[in-house]
Amino acid sequence: MRLTKHRQEILDTLDKSEEALSAGQIHSILPHINLVTIYRSLEYFIKANEVKKLHLDGQEAVYEIQHEPHHHAICSDCSKVIHFTVDDKKLIEEFSLPGFKIKDIEITLRGNCLHENKRSKVK
Ligand SMILES: [Zn+2]
Ligand SMILES: [Zn+2]
């Protein structure tokens, strides 16, 4: 499989990013690649299982490379995303549905981070 230069750049950008990025954010990092190409490339990477598409805040989808499969917790105050791992095998046992074979599990937790530094924050 040969990647075009643009696809490679998109993949590298996701790889370097600490956070999951939306297509628009990728576009602002790589303004020379048009948005349609970015969307098409992302779809291609999703099919190839190289990139995961996440719907974290119910609005714009974001994309990330998961070097290790993991789940997400989102703060509804500050939109901070925590990436965490759990024992997926145990969870799959927990969720067993009759007549249904679970292949993959993806958890999004919503809540609030504890903002311990709230008072000392400079506005
Ligand atoms: Zn927060
Ligand atoms: Zn993640």
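Per residue, how many Å² of accessible area does the chain show with a 1.4 Å probe?
75 Å²
7 Å from Cα along Cα→Cβ at both F100 and R40: what's the point-to-point distance in nm?
Simple spin-label model gives 3.6 nm for this pair.
Across the range 2-111, how many lysine pairs, 8 or more apart or on two chains, come within less than 27 Å at their alpha-carbon atoms?
For the range 2-111, qualifying lysine pairs total 28.
Two-decimal Rg/Rh of the chain from alpha-carbon positions, Kirkwood Rh?
Here the Rg-to-Rh quotient is 1.04.
What are the residues whose amide H is under 5 Å from the amide H of S22, where those residues sit 5 or more places off or on another chain and H is modelled from the backbone?
Here Y63 satisfy the definition.
Starting at the first residue of the range 29-40, write each ³J(HN,Hα) from the Karplus equation 6.51 cos²θ - 1.76 cosθ + 1.60 with θ = phi - 60°, in whole Hz, x for Gly and Pro.
Karplus values, whole Hz, x for Gly and Pro: 7, 10, x, 7, 9, 6, 4, 4, 4, 4, 4, 4.
With +1 on the Cβ of every Lys and Arg and -1 on the Cβ of every Asp and Glu, and nothing else charged, how large is the dipole of the chain about its Cα centre, in debye rounded to the nearest 20?
Here the size comes out at about 260 debye.
With the full set of protein chains in place, find how many percent of the accessible area of the range 1-63 is carbon and sulfur; take the probe as 1.4 Å.
Here it works out to 50 percent.
Got a sec to turn the phi values of the range 62-67 into Karplus ³J(HN,Hα) couplings, 6.51 cos²θ - 1.76 cosθ + 1.60 with θ = phi - 60°, whole Hz, x for Gly and Pro?
Coupling constants for the range 62-67: 10, 10, 8, 9, 9, 5 Hz.
Go ahead and run the numbers for FRET between T85 and A48, Cβ-Cβ distance against an R0 of 25 Å, rounding to 0.05.
0.65
The values are calculated or read from the model by the stated rules, or taken from the named source; none is laboratory data. All values derive from a computational prediction rather than experimental measurement. Note that each Cβ is placed from the backbone with ideal geometry, even for glycine, and that neighbours are counted across all protein chains shown. Please note that ligands, DNA and RNA were not included when accessible areas were found on the heavy atoms of the full protein model with its side chains. Shrake-Rupley method; radii C 1.70, N 1.55, O 1.52, S 1.80 Å.
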